[in-house]
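Asker: This is the structure, below, for whatever I ask next.
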Amino acid sequence: MEASDVRLTEGFTLVELLVVIAIIAVLAALILAVFPRARGMANRGQCAAHLRQLVQAARMYAQDYDQRLVPARTRGAPPPSRGYTWCVLLQPYVHNEDILICPNDPHPQPSAGSTCLPHSYGINYQLAYSVGWGVDNLAKKLTHVRGHSGIILFFDMKSEVAQMGSSYLSYRLTRVAARHEGLAEFGFLDGHVKGLKPEATVAPVNMWVRK
């Protein structure tokens with residue numbers, strides 16, 4: 001029998017097997033390290049897409065209501081509900097309840113005491129809410145707001161709040177959810193979306209207050 005025939009029947013040595021196992025372990029570790037980050041980036045992208053669609057829906061709503069933005073909540077729902085929230089009012093423009101939910105939010109909640117849908121996002125009360133019940137008191141007109149590219153309309157909100165949105169004047173940043181590796185996604189009135197640290201929305205420029 002020739003030497004080459006003997007070599008073919010010997011197979012891998014122990015050292016060679018250990019090297020192969022080590023390489024596989026390193027590759028597996030790299031994949032496991034990259035996968036969560038890639039998934040997080042994909043979720044953030046989907047969240048941004050949801051907010052972009054919501055802002056566009058709000059602008060379409062305004063076109064149908066004399067340039068007035070969708071209110072955080074309006075009257076008309078059967079009691080004991082306090083009214084229909086923006087989540088419900090925008091459904092004719094989006095036809096999709098899923099865009100109300102951030103993929104990084106495991107427990108989206110409807111607004112308490114209202115006719116609402118589970119949602120991960122809040123609306124800026126500075127634009128969409130006041131203490132009055134009249135429609136004119138509940139939302140601002142697009143034509144009455146300057147600097148659309150610099151004011152927030154929708155934002156990532158903490159689900160446990162179970163509310164329609166937030167006012168910076170009343171709650172500061174306590175309702176904002178930085179659920180994307182320390183960043184929250186914000187949908188601006190002009191339609192663009194940006195991921196920011198919550199505190200970056202108030203300094204050096206306050207992006208919550210109507211201009």
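The values are calculated or read from the model by the stated rules, or taken from the named source; none is laboratory data. In this text the structure is predicted, and so the values were computed from the model without any measurement. Heads up, the Cβs are rebuilt from the backbone with ideal geometry, glycines too, and the neighbour counts pull from every protein chain shown.
Asker: Checking LEU153 against (1) in a loop (DSSP other than H, G, I, E, B); (2) touching a residue at least 24 places away in the same chain (Cβ under 8 Å); (3) surrounded by 15 or more Cβ atoms within 10 Å (Cβ to Cβ); (4) touching a helix residue (DSSP H, G or I) at 6+ places or on another chain (Cβ under 7 Å): exactly one of these is not met. Which one?
Answerer: (1)
Asker: Still on this structure, please answer the following. TYR171 is checked against (1) surrounded by fewer than 22 Cβ atoms within 10 Å (Cβ to Cβ); (2) under 16 Å from the mean Cα position of the chain (by Cα); (3) under 19 Å from SER111 (Cβ atoms) and fails just one. What number does that condition carry?
Answerer: Here TYR171 clears every test but (2).
Asker: Moving on. If I go through region 115-139 residue by residue, how many of them are crowded, with 21+ Cβ neighbours inside 10 Å, at pLDDT 90 or above and in contact with a Lys or Arg (Cβ under 9 Å, 6 or more places away or on another chain)?
Answerer: 7
Asker: So which residues in region 96-125 are without any contact (Cβ under 8 Å) to a residue 40 or more places away in the chain and touching a strand residue (DSSP E or B) at 6+ places or on another chain (Cβ under 7 Å), if there are any at all?
Answerer: The answer is THR115, PRO118.
Asker: Still on this structure, please answer the following. In region 102-124, which residues are in a loop (DSSP other than H, G, I, E, B), closer than 21 Å to ASP190 by Cα and hydrophobic (A, V, I, L, M, F, W, C)? Outline the logic, then answer.
Answerer: Taking region 102-124 and keeping what is in a loop (DSSP other than H, G, I, E, B), we get 102-108, 110-114, 116-118, 120.
Adding the requirement that they be closer than 21 Å to ASP190 by Cα leaves 102, 120.
Result: CYS102, single match.
Asker: Let me ask something additional. What tally of residues in region 58-87 results from selecting those that are surrounded by fewer than 22 Cβ atoms within 10 Å (Cβ to Cβ) and part of a helix (DSSP H, G or I)?
Answerer: Number of matching residues: 6.
Asker: Check VAL34 against each of (1) surrounded by fewer than 15 Cβ atoms within 10 Å (Cβ to Cβ); (2) at pLDDT 75 or above; (3) within 23 Å of GLU181 (Cα to Cα) and name the one condition it does not meet.
Answerer: VAL34 satisfies all of (1) surrounded by fewer than 15 Cβ atoms within 10 Å (Cβ to Cβ); (2) at pLDDT 75 or above; (3) within 23 Å of GLU181 (Cα to Cα) except (2).
Asker: Looking at (1) modelled with pLDDT under 95; (2) within 26 Å of ALA77 (Cβ to Cβ), find the lone condition where ARG146 falls short.
Answerer: The number of the failed condition is (2).
Asker: Oh, and also: Restricting attention to region 166-211, which residues are more than 11 Å from ASN124 (Cα to Cα), out of contact with any His (no Cβ under 9 Å at 6 or more places or on another chain), small (Gly, Ala, Ser) and outside any loop (DSSP other than H, G, I, E, B)?
Answerer: Those that are more than 11 Å from ASN124 (Cα to Cα), out of contact with any His (no Cβ under 9 Å at 6 or more places or on another chain), small (Gly, Ala, Ser) and outside any loop (DSSP other than H, G, I, E, B): SER170, ALA184, ALA200.
Asker: While we're here: When you check ARG39 against the structure, is it of a type outside the set (A, V, I, L, M), modelled with pLDDT under 95 and buried (at least 24 other Cβ atoms within 10 Å of the Cβ), yes or no?
Answerer: Details: of a type outside the set (A, V, I, L, M): yes; modelled with pLDDT under 95: yes; buried (at least 24 other Cβ atoms within 10 Å of the Cβ): no.
Judged against the criteria, ARG39 is not a match.
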